[in-house]
Amino acid sequence: LAKTTQPISMDSYEGQEVNITCSHNNIATNDYITWYQQFPSQGPRFIIQGYKTKVTNEVASLFIPADRKSSTLSLPRVSLSDTAVYYCLVGDPSGTYKYIFGTGTRLKVLA
Amino acid sequence: NAGVTQTPKFQVLKTGQSMTLQCAQDMNHEYMSWYRQDPGMGLRLIHYSVGAGITDQGEVPNGYNVSRSTTEDFPLRLLSAAPSQTSVYFCASSYSSLGEYKDEQYFGPGTRLTVT
């Protein structure tokens, strides 16, 4: 099954940029990389998705190098409300539609 | 649109009891899935479906059954509840399950299940 590896936790201060890197060495050629955010007692929520190079939306940027074996989620100027768990997700390289979440990164934003 | 709805929100079962967790979506999504999340842990895929009449196993399928008779509904059945199944269960759906582009998944609010 597809496996992703992320740092277990990170701390940051309000106003800083936060970069969370995910390793996905066996990503399938045609697969996308998706990041989700989860607050306590809620289901995950989509943040951003990309295939290669750089993708930016109103809340984050996603950087994907040419070999696509990793990706970096960038959160500009975080606030206390960005304290959450962040997951990167890729599909199973066998081509089935299993989406396996990794352990996620617990981000704590400090005042 | 109501999005993805799950019932019940909370449930307490005794060991050996069976029950069905309900999941419905009104977005005409093809792909639906069930995850469980133990306290302080990540999500683990139980079962998923790429369309009505088609289901498959995820990472941790033992002790659970699913069926997909309609596009809208994807119930999860616990056959004989065990304390190890105490968890929060999330249902999710997405529009496109086929082809190269896989849409984002929309998650329901979850069902908190306790088995004593």
query: For the cross-link pairs A:Lys3/A:Lys52; A:Lys52/A:Lys98; A:Lys108/B:Lys9, which exceed 24 Å when the distance is taken from alpha carbon to alpha carbon?
result: A:Lys108/B:Lys9
- request: When you have a sec, figure out the Kirkwood radius of region A:26-111 from all distinct Cα pair distances and drop it here in Å to one decimal?
  value: 13.7
field: Where only C-alpha atoms are counted, convex hull volume of region A:43-88 per residue in Å³
entry: 82
field: Choice from A:Leu75, A:Leu62, A:Leu89 with maximal GNM fluctuation in chain A (Cα, 10 Å cutoff)
entry: A:Leu75
Rh by Kirkwood over Cα pairs, then Stokes-Einstein D for the protein assembly as shown at 1.567 mPa s and 4 °C, µm²/s: 72
statement: In this structure, the FRET efficiency calculated for B:Glu59 and A:Ala28 from their beta-carbon separation, with R0 = 22 Å, to the nearest 0.05, is 0.80
- line: Rounded to one decimal in Å, the inverse mean reciprocal Cα-Cα distance for region B:10-94, i.e. its Kirkwood radius, is 13.1
- prompt: What is the Cα centroid distance between region A:37-74 and region B:41-74, reported in whole angstrom?
  reply: 25
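Any read-out appearing in this document is the output of simple, stated calculations on the displayed coordinates, not a laboratory observation. As the structure is a prediction and not an experimental result, all values here were calculated from the model. Please note: Cβ atoms are built from the backbone with ideal geometry, for glycine as well, and neighbour counts cover all protein chains shown.
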